[in-house]
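Before I ask anything, let me first share the structure, which is written out below as structure tokens.
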Protein chains: 2
Amino acid sequence: MKIRLLTPGPTPVSPEVAAAMAQPMPYHRAAAFKEVVLRSRENLKWLFQTTKGETLFLTCSGSGAMEGALVNTLSRGDTIIVVRGGKFGERWSNIAKAYGVEAVNIDVEWGKAVAVDAVKKALEQHPKAKAVCVQASETSTGVGHPVKAIADLVKGRPDTLMIVDAISALGVMPLPFDEWQIDVMVAGSQKALMLPPGLAFVALSAKAQEAMKKSDLPKFYFSFAKELASQQKGETAWTPAISLVLGLDVALAQMKAEGYEKIVARHHRLAEATRAGAKAMGLELLAPESPSDACTAIKAPNGIDGQAVVKEMRDRHGIIIAGGQDQLKGKIFRLSHMGYVDRFDILTALAASGDVLKRLGAKVDVEKGLAAAEAVFNQG
Amino acid sequence: MKIRLLTPGPTPVSPEVAAAMAQPMPYHRAAAFKEVVLRSRENLKWLFQTTKGETLFLTCSGSGAMEGALVNTLSRGDTIIVVRGGKFGERWSNIAKAYGVEAVNIDVEWGKAVAVDAVKKALEQHPKAKAVCVQASETSTGVGHPVKAIADLVKGRPDTLMIVDAISALGVMPLPFDEWQIDVMVAGSQKALMLPPGLAFVALSAKAQEAMKKSDLPKFYFSFAKELASQQKGETAWTPAISLVLGLDVALAQMKAEGYEKIVARHHRLAEATRAGAKAMGLELLAPESPSDACTAIKAPNGIDGQAVVKEMRDRHGIIIAGGQDQLKGKIFRLSHMGYVDRFDILTALAASGDVLKRLGAKVDVEKGLAAAEAVFNQG
């Protein structure tokens, strides 16, 4: 059986990236690798859409970079505002708690985007808040939060940072770092960047770099100042995941060759087709109003276990998708359309999930779903 | 030109491991990957030589695991004793400082092993010290510290932990975790484990796990308790470096097939041959009295720049070795014999470094060096 990976991380690795990572191991202190580090930094700036900010990579998962975003910019006793509308929103709060930072949580129903007014109110109630933390794409619910509108609230406040988890959003949705005046944005390798997990990426505004000088939270491995000073010279503070960095170099070259606008448009088209297909099939989306273009969360029809859909997709068709987490477990299944994914993968995912749902007893019109998705691809 | 990697990290990756890592990306929450996690945990127990302790892996460099070793077992204001005889000894102190832990440093001349009496005295002067931190192999100087003798001093003290950096020693030198009563031992993937960098490994004694319950230093990504609870179920706290974990599975299987005693004997033989060859050639070792079997630091002969040796080795012969760091820069060059290395690699390294030294004007007898190394290989 052909195996196809359509989980919202990890995502498929392109053959060119896989080949780059299988090269004989180079020495990370050699001149050739320094060039890779310097080039990656510049190409990350392109992907983050920043010329004024700084970028760096870390050897860790996206959660490590989230921790880094807080411990490098905050001090003990600080207050931050957290948009908490899913598993990853919770993570901001949990990190803050671990470091003695008070998180004011804006709790949002899982599947909904935060209301910009709620953030505005929280900022009014907590004018000394040192940061607003939000997911650009909340992977657990398939929701896209209104990053630009929130950044607009934050940008006039000299002591408040706009911190964005773009782990499953960088290279998927437009998030122009400089233009929107984001201060810290973190991303992961195993999403739109088409790499295995193990690397995380960070962009830092001038405002964030100023905040770093005042931060007193303890840090060592995740010290952005140390890592940035090293990477500006083509070095790394600690031995990096060399093979993944070699893959990153190829992945970023592939993305640059495709072009930023085209990458964003492709992801949007894939997501639109997935949503149109699912709806035409007779299914309901978890986040119809503010969907993320990274992955689509589809409600399991009444009486059907979302986990059974995941299992049947795998056992019957070799297609690996994700179910719901925590309070959404069994209630949804998630189709990813991030990274090394094209229109035919979407048709495959829709056809297979429709087939599985029919077998589980749901009334779905797979032909109609496929036609609706294909119609999206055939638009203009 | 054939390129050969003989740096003390990264080390060469075996073709079987490279192939495993180039597999199409699996989902880390699938049953097959859970089996890999559980098997890796068991095989790590074998490599750490522990049945009573626990093991886990982390997605980070060895330095991340060193940070984890301290932040999971200590509290703010604690005192620890650090053996500081090289770049990695300094790292223990620097991590402690970042977290408000007082490090009592036993400064040891770079190239020498710590005197056991100095540790004994430090423990007498600081009876409340919560840990003794030492490198089993100080990679920057090629020194092996007397881990067993130090562990013997610590084991009777209920409130003091024996913390060992075995990053370049696990799978090289005998470090039986249970037998020597070590409490926390950390290792890295890019050394004897024949993997690219990006994973680190930890073993924890029951005493260390008790200390973890009292530790109040902040931690999130590096929380051993969280990671251990996950890995006991075949999961991971955060998305792991999946491709490296697939490589780990193969590397540990290869090591088990070779056998623990044979691995240790092979590394010792390779190291002995390197040392005998260098000496017979007319060269001086930096650490003749207490050498590590992981890598051999050779003094650059009078009037010759150690960095020139490194450069010529690479440019003329395609052999990548390391020079000295910090205060040893230019004074030494280091030949590694860790991991996927055999006797012919040692002859190659000796022949090439002898050739380069001659060209740089040193008086060395390469033939005699090769004969001495070969004689070691031909012993019993």
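Can you give me the long-range amide H partners of B:Val82? Hydrogens built in the peptide plane at 1.01 Å from N, cutoff under 5 Å, separation of 5 or more residues or another chain.
Here the answer is B:Val104, B:Asn105, B:Ile106, B:Cys133, since their amide H atoms fall under 5 Å of that of B:Val82.
Once you have all Cα-Cα distances for chain B, histogram them in 10 Å bins from zero and send the whole-percent values.
5, 25, 32, 24, 12, 2, 0
Which residue, A:Ala19, A:Ala300, A:Ala351, has the most motion in a Gaussian network model of chain A that connects Cα atoms within less than 10 Å?
A:Ala19
Just counting partner chain Cβ atoms within 10 Å, what average do the residues of peptide B:2-15 show around their Cβ?
3
Sticking with this structure for a sec: Measuring from centroid to centroid over Cα atoms, what is the spacing of the range B:281-332 and the range A:34-54 in Å?
Between the Cα centres of the range B:281-332 and the range A:34-54 lies a distance of 34 Å.
Okay, next question. Rg and Dmax of the range B:312-380, Cα atoms, in Å?
12.9, 40
Dipole size in debye (nearest 20) for the range B:15-258 around its Cα centre, Lys and Arg Cβ +1, Asp and Glu Cβ -1?
380 debye
To the nearest 20 debye, what charge dipole does the protein assembly as shown have about its Cα centre, counting +1 at the Cβ of each Lys and Arg and -1 at the Cβ of each Asp and Glu? Walk me through the intermediate numbers first.
On the way: 92 positive and 80 negative charges, 11 e Å.
Once rounded to the nearest 20, the dipole reads 60 debye.
In whole Hz, what ³J(HN,Hα) sequence does the range B:254-264 give by Karplus (6.51, -1.76, 1.60; θ = phi - 60°), x for Gly and Pro?
5, 5, 5, 5, 6, x, 4, 4, 5, 5, 5
Sticking with this one: May I ask which residue of B:Pro10, B:Met281, B:Ala208 lies farthest towards the positive end of the charge dipole of chain B, with charges of +1 (Lys, Arg) and -1 (Asp, Glu) on Cβ and the Cα centre as origin?
Result: B:Pro10, furthest along the dipole toward the positive end.
Mind checking which aspartates and glutamates have their Cα closer than 17 Å to the Cα of B:Lys97? Skip sequence neighbours fewer than 8 apart in that chain.
Of all the aspartates and glutamates, those that pass the test against B:Lys97 - Cα under 17 Å, at least 8 places apart if same chain - are A:Asp216, B:Glu67, B:Asp78, B:Asp107, B:Asp216.
Still on this structure, please answer the following. Mind checking B:134-147 for the average number of partner chain beta-carbons within 10 Å of each residue's beta-carbon?
Details: counts 0, 0, 0, 0, 0, 0, 0, 0, 0, 0, 0, 0, 0, 0.
Mean shielding count: 0.
Follow-up. Return a whole-number percent for the relative contact order of the range B:81-129, with Cα pairs under 8 Å and 6 or more residues apart as the contact set.
41 percent
To continue, here is another question. Taking every eigenvalue of the Cα gyration tensor of the range B:153-302, multiplying by 5 and rooting it, what semi-axes result, largest first, whole Å?
32, 21, 15
Follow-up question, since we're still on this one. I want to check a number: in the range A:260-377, how many lysine pairs have alpha carbons closer than 20 Å, given a sequence separation of 8 or more or different chains?
Lysine pairs, 8 or more places apart or on different chains, close enough: 18.
What's the Cα-based Rg to Rh of the range B:66-202, Rh via Kirkwood?
0.93
Within the range A:212-293, which GluC sites (Glu not before Pro) sit in a loop by DSSP and count at most 11 neighbouring Cβ atoms inside 10 Å?
Qualifying residues, ordered by number: A:Glu289.
Taking 8 Å as the Cα distance limit and 6 or more residues as the minimum spacing, I'd like the relative contact order of chain A as a percentage. Spell out each step's value before the answer.
Details: 829 pairs, mean separation 88.2, N = 380.
The normalised contact order for chain A reaches 23 percent.
May I pose another question? Gap in Å between the Cα centre of the range A:342-357 and the Cα centre of the range B:201-236?
41 Å
Pairing the Cα long axis of helix B:116-125 with the longest principal axis of chain B, what angle in degrees results, from 0 to 90 and rounded to the nearest 10?
Roughly 30 degrees between the two axes.
So what are the ³J(HN,Hα) numbers for the range B:233-248, from phi and the Karplus equation (6.51, -1.76, 1.60; θ = phi - 60°), rounded to whole Hz, Gly and Pro as x?
Values per residue, Gly and Pro as x: 9, x, 10, 9, 5, 10, 4, x, 6, 3, 4, 5, 5, 5, x, 4 Hz.
Report Rg(Cα)/(2.2 N^0.38 Å) for the protein assembly as shown, keeping two decimals. Walk me through the numbers before you get to the answer.
Details: Rg = 26.8 Å, N = 760, 2.2 N^0.38 = 27.4 Å.
Ratio of Rg to 2.2 N^0.38 Å for the protein assembly as shown: 0.98.
Hey, if you put +1 on the Cβ of every Lys and Arg and -1 on every Asp and Glu Cβ in chain A, which of A:Leu252, A:Pro197, A:Thr139 ends up farthest toward the positive end of that dipole?
Checked the options; the winner is A:Pro197.
If Rh is defined by the Kirkwood formula over all Cα pairs and Rg also comes from Cα, what ratio Rg/Rh do you get for the range B:260-341?
Working: Rg = 13.0 Å, Rh = 13.2 Å.
Dividing the radius of gyration by the Kirkwood radius yields 0.98.
I would also like to ask the following. Using Cβ counts within 10 Å as a stand-in for footprinting exposure, how do A:Trp180, B:Trp92 rank, fewest first?
Neighbour counts put them in this order, fewest first: A:Trp180, B:Trp92.
Let me ask something else. Report, as an integer, the average count of C-beta atoms from other chains found within 10 Å of each Cβ along B:245-251.
1
By a straight-distance test (C-alpha under 21 Å), which lysines pair with B:Lys207 as possible cross-link partners, with residues fewer than eight away in the same chain excluded?
By straight Cα distance, B:Lys207 reaches B:Lys45, B:Lys52, B:Lys120, B:Lys128, B:Lys130, B:Lys148, B:Lys155, B:Lys219, B:Lys226.
If you average 1/r over all unlike Cα pairs in the range A:1-99 and invert the result, what Kirkwood radius do you get in angstrom?
For the range A:1-99, the Kirkwood estimate is 17.2 Å.
Please enumerate, by chain and number, the aspartates and glutamates with C-alpha under 17 Å from the C-alpha of B:Lys2, excluding those fewer than 8 residues away in the same chain.
Counting by Cα, and skipping residues close in sequence, B:Lys2 has these aspartates and glutamates nearby: B:Glu312, B:Asp315, B:Asp342, B:Asp345, B:Asp355.
Output the peptides B:168-176, B:120-128, B:239-247, A:93-101 sorted from most to least packed, where packing is the average of other Cβ atoms within 10 Å over each peptide's residues. All intermediate terms of the calculation are to be shown ahead of the outcome.
On the way: B:168-176: 24.4, B:120-128: 13.1, B:239-247: 27.8, A:93-101: 18.9.
The most tightly packed comes first, giving B:239-247, B:168-176, A:93-101, B:120-128.
Which order do B:Thr73, A:Thr59, B:Thr51 fall in if you start with the one that has the fewest other Cβ atoms within 10 Å?
B:Thr51, B:Thr73, A:Thr59
Treat the count of other C-beta atoms within 10 Å as a stand-in for reagent exposure and order B:Phe344, A:Phe88, A:Phe177 from fewest to most.
On the way: B:Phe344 9, A:Phe88 23, A:Phe177 27.
Ordered by Cβ neighbours within 10 Å, fewest first: B:Phe344, A:Phe88, A:Phe177.
FYI, it's all coordinate maths here, none of it is from the lab. Note that the coordinates shown come from a computational prediction; the quantities given were computed from them, not determined experimentally. Methodologically, a virtual Cβ is constructed for each residue, glycine included, from the backbone with ideal geometry; neighbour enumeration extends over all protein chains shown.
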